[in-house]
Amino acid sequence: MKEDLCRGLEASGRGRAYPATITNESPAVLTLEPMVQRSQPASLARCLVSEPAVSMQRVPTQQDDGAGGDAEGRGDSVGRNEAAGGEKAEKESMMMELTRLVQNLVKESSWWERRGVDCCILAAAFLCLPLAFLLLGSSRLLWLLAGVLLMGVAHAVITVKGTHLASHGALSESQAWGKFWAIFFIEICGSFSAQAGVQGHIKMHHAHTNIIGLGDSSVWKVPSLSRTLYLFVAPLAVPIITPLVALAQVKGRSLALLVRTVLNITLGLYSQYWLLTNISGFRSTHSALFCMLVCRAMFSVPFIHVNIFQHIGLPMFSSTRRPKRIHQMTHGVLNLPRNLLLDWTFGHSLINCHVEHHLFPFLSDNMCLKVKPVVSKYLTEKQLPYQEDRYLSRLHLFFQRYQELMVFAPPITELVGVQ
């Protein structure tokens, strides 16, 4: 069995041979490490295809203690194989069982719980904008700062929570309205391409969560930046980088898509600029643009942190030997604790219900919060991971191990016994 594992892992490692170390504590655990850890280039515009180290981790399962040479030994082996087969069938049905529990809870919920709460939060953000523009026209510093804060919070709710829900079609049961809201929130409000956003987030990140070269979150890595610059300074440039990346994503696509994306992004940016100059009374172009940058970058730092904290540093898997979905999501996703500000601006599905969101991405933020006790209880009963960590704890981890987590290629984890 060990030789088969070596051959399989060498094949998944693109033919590279690695020195193998077999531990005495768990004979089925095989760790393969490369001779040299290699740093990989990455950018915000494309995903990293890495050449990782490979490590296999044991999950709780029955171990085969060896085959005996007599009839009794063979009988024991058959019994163990039958037990392992029954356990495998049980684990394969766990996702279906959990899905039924969640679906029953969703059916019992009202429209207000399924969509109404989140729609009202988004509506409140839009209703705050007129007051924010009026406050920004005040000559008093205190009112001016209040206007900047109010517009920054409203912008974060609309462009993070709104675009995320719209990309998943969680704002409406109608496909036509779902497409409209995706274009409105992602392109006009978020200054990005709706098609590229859905492709990258839904079809790559969610479909291939923590799969090396596909949904491994390496799109957020910029190895050329130092840890201080990346974690605390570079995120402030996100409002400038976002439309540029959007244009790069639609380059080479159909002319209609290119024109629509450019017009919608221009409409969103110019609308805010026009309101600042005509309603708030900004007389200088530079002052209006600076105000736009401050408001749009207000939550950029925690936005980058959240995107890397909840996946990078957790188990990554090979595309050829990915585990079952429930194991993939429970091992590769992490929840942050409740945070009043981030819960409202980013949404529960991005903060304290990220595990639930990856298991059931069609749910709204409020429904993710409602099913959270059911999901956490079920995973705990089945002895599956339910990973949670504090924001400051993750920040300290990434600051201390920045080179390992954000520069070098991640190791591949294989869950032995659950394939």
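The values are calculated or read from the model by the stated rules, or taken from the named source; none is laboratory data. No experiment lies behind these values; they were computed from the predicted model shown. Cβ atoms come from the backbone with ideal geometry, glycine included; neighbour counts cover every protein chain shown. SASA here: full protein model, heavy atoms, side chains in, ligands and nucleic acids out. Shrake-Rupley method; radii C 1.70, N 1.55, O 1.52, S 1.80 Å.
Values for this structure:
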quantity: Pairs where the first residue, in the range 106-134, is farther than 14 Å from residue 165 by Cβ and of a type in the set (Asp, Glu) and the second is assigned to a helix (DSSP H, G or I) and at pLDDT 95 or above, C-beta under 9 Å, 6+ apart; calculated: 113/106; 113/366; 113/367; 113/370
quantity: Helices (runs of 4 or more DSSP H) (entirely within the range 256-357) containing at least 3 residues that are open to solvent by 10 Å² or more (accessible area, probe 1.4 Å) and under 16 Å from residue 159 (Cα atoms); calculated: 285-297, 300-309, 340-345
quantity: Meets criteria (in contact (Cβ under 8 Å) with a residue 24 or more places away in the chain and either within 28 Å of residue 322 (Cα to Cα) or not in a helix (DSSP H, G or I) (or both)) for residue 201; calculated: yes
quantity: Filter result (open to solvent by less than 50 Å² (accessible area, probe 1.4 Å) and in contact with a Lys or Arg (Cβ under 9 Å, 6 or more places away or on another chain)) within the range 406-416; calculated: 406, 407, 409, 412, 414, 415, 416
quantity: Yes/no for residue 298 being in contact with a Gly (Cβ under 8 Å, 6 or more places away or on another chain) and of a type in the set (A, V, I, L, M, F, W, C); calculated: yes
quantity: Any pair with Cβ under 7 angstrom, 6 or more apart, that starts in the range 139-152 at a residue that is under 25 Å from residue 123 (Cβ atoms) and in contact (Cβ under 8 Å) with a residue 24 or more places away in the chain and ends at one that is assigned to a helix (DSSP H, G or I) and among the β-branched types (Val, Ile, Thr); calculated: 148/294
quantity: Answer residue from the range 404-419, given it is part of a loop (DSSP other than H, G, I, E, B) and not small (Gly, Ala, Ser) and is modelled with the lowest pLDDT among those; calculated: 419
quantity: Criterion: farther than 17 Å from residue 344 by Cα, modelled with pLDDT of 95 or more and buried (at least 17 other Cβ atoms within 10 Å of the Cβ) - qualifying residue of 132, 125, 154, 146; calculated: 132
quantity: Number of the condition not met by residue 230 [criteria: (1) under 17 Å from the mean Cα position of the chain (by Cα); (2) in contact (Cβ under 8 Å) with a residue 12 or more places away in the chain]; calculated: (1)
quantity: Residue in the range 200-214 that is closer than 24 Å to residue 312 by Cα, of a type in the set (Lys, Arg) and open to solvent by less than 40 Å² (accessible area, probe 1.4 Å) present; calculated: no
quantity: All positions within the range 101-122 that are part of a helix (DSSP H, G or I), touching a helix residue (DSSP H, G or I) at 6+ places or on another chain (Cβ under 7 Å) and open to solvent by less than 50 Å² (accessible area, probe 1.4 Å); calculated: 102, 105, 106, 117, 118, 121, 122
quantity: Pick from the range 365-403, criterion part of a helix (DSSP H, G or I), basic (Lys, Arg) and over 26 Å from residue 166 (Cα atoms), ranking: most open to solvent (accessible area, probe 1.4 Å); calculated: 377
